[in-house]
1. Based on the Cα atoms of the stretch 1-125, what semi-axes does the equivalent ellipsoid have, where each is the square root of 5 times one gyration tensor eigenvalue, given in whole Å with the largest first?
2. From the cross-link list Lys11/Lys217; Lys16/Lys114; Lys55/Lys114; Lys11/Lys93, which pairs have alpha carbons spaced over 29 Å apart?
3. Place a +1 charge on the Cβ of each Lys and Arg in the stretch 90-218 and a -1 charge on the Cβ of each Asp and Glu, then give the dipole magnitude about the Cα centre in debye, rounded to the nearest 20.
4. Quick one, could you list the DSSP H helices from the chain stretching 15 Å or more along their long axis (Cα atoms) with average Kyte-Doolittle hydropathy of -0.5 or above?
5. Determine, for Met187, Met112, the number of other Cβ atoms within 10 Å of each Cβ, and report the residues in order from fewest to most.
6. What fraction, in whole percent, of alpha-carbon pairs in the stretch 5-79 exceed 19 Å separation?
7. Quick check of the Kirkwood formula: for the chain, what is the inverse mean of 1/r over all pairs of different Cα atoms, in Å?
8. How large is log10 of I(q)/I(0) for the stretch 140-220 at q = 0.15, 0.26 Å⁻¹ when the intensity is taken from the Debye formula with one equal scatterer per alpha-carbon?
Amino acid sequence: MLMSPLETEIKNILSKYLSPIVAETVLSSRIAASGISLRRLRIGDRQRLLLSLQKGLGRYLKPQQAKDCMNQLESLLNSRNSVSAPAATEHQKISIRSEGDIVVARGAGRQMCKTLGFTSLLQVKLATAISELARNIVQYAGEGSITLHASHENGRPYLQVTAEDHGPGIPNLDSILSGRYVSKSGMGKGLTGTRNMVDEFDIRSSPNSGTLVVIRKWVK
Ligand SMILES: Nc1ncnc2c1ncn2[C@@H]1O[C@H](COP(=O)(O)OP(=O)(O)OP(=O)(O)O)[C@@H](O)[C@H]1O
Ligand SMILES: [Mg+2]
């Protein structure tokens, strides 16, 4: 099969450290193992491919050689960031008014998590966090929005979720976040549960402007 230009460039780097036949075998088996298409790199694919190649190289090269080789591969793939990465950043804003919108936000979030390379457990957890935030909007503010933003920083992919409404705000926010709060309308664990499972959690709320929650989770 014809190699894509990127595949040829990766093979050229590998061939500096391995014989051509081994380079080709490592590359094709690692591409197959990671399930990536080099013709259409998606978010998280670079990281997945690098991790996969690292595993493959460990078998054939001394640690220092493997490190040098990985550095070259990393700068090659990073230089491709803006050129051949059609889905480097994905952004989706969903209006939230009803139960149906919660389901849409949940599903879209789950799909984005999958594309980013989160484990299926984390896909479910993040989808649950998204529906908790969306449900709070419907229940307490009436309407608002969920914005899903998938991107990467220094090659590390992340999902950021912003939940925003212009409802009545949360007057007793401190007591809710301290975990001592007892809810009248639910379990009272939506916000603290969400905070516990993400890497970054920011909440702003006031009776004048409503509530804004921003969470971020990194893929490893
Ligand atoms: N967007 C919002 N606007 C106004 N008040 C909110 C909003 N989100 C949460 N609240 C208030 O914060 C409280 C805590 O929310 P949290 O989601 O943690 O628990 P809950 O909704 O009461 O129960 P559940 O565990 O079912 O989510 C709610 O009871 C509600 O009073
Ligand atoms: Mg809730």
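1. Ellipsoid semi-axes (Å, largest first): 35, 15, 12.
2. Values: Lys11/Lys217 33 Å; Lys16/Lys114 34 Å; Lys55/Lys114 22 Å; Lys11/Lys93 40 Å.
Those over the limit are Lys11/Lys217; Lys16/Lys114; Lys11/Lys93.
3. Computed about the Cα centre, the dipole is about 340 debye.
4. 5-17, 20-34, 45-58, 99-116, 120-136
5. Numbers: Met187 10, Met112 23.
Ascending number of Cβ neighbours within 10 Å: Met187, Met112.
6. Numbers: 646 of 2775 pairs.
Across the stretch 5-79, Cα pairs with separations above 19 Å total 23 percent.
7. That comes to 19.5 Å for the chain.
8. With no solvent term, the Cα-only Debye profile gives -0.59, -1.32.
Only the coordinates and a few stated rules stand behind these numbers; no lab work does. Because the structure is a prediction, the values reported are computed rather than measured. Reconstructed Cβ throughout: ideal geometry from the backbone, glycine too, with neighbour counts over all protein chains shown.
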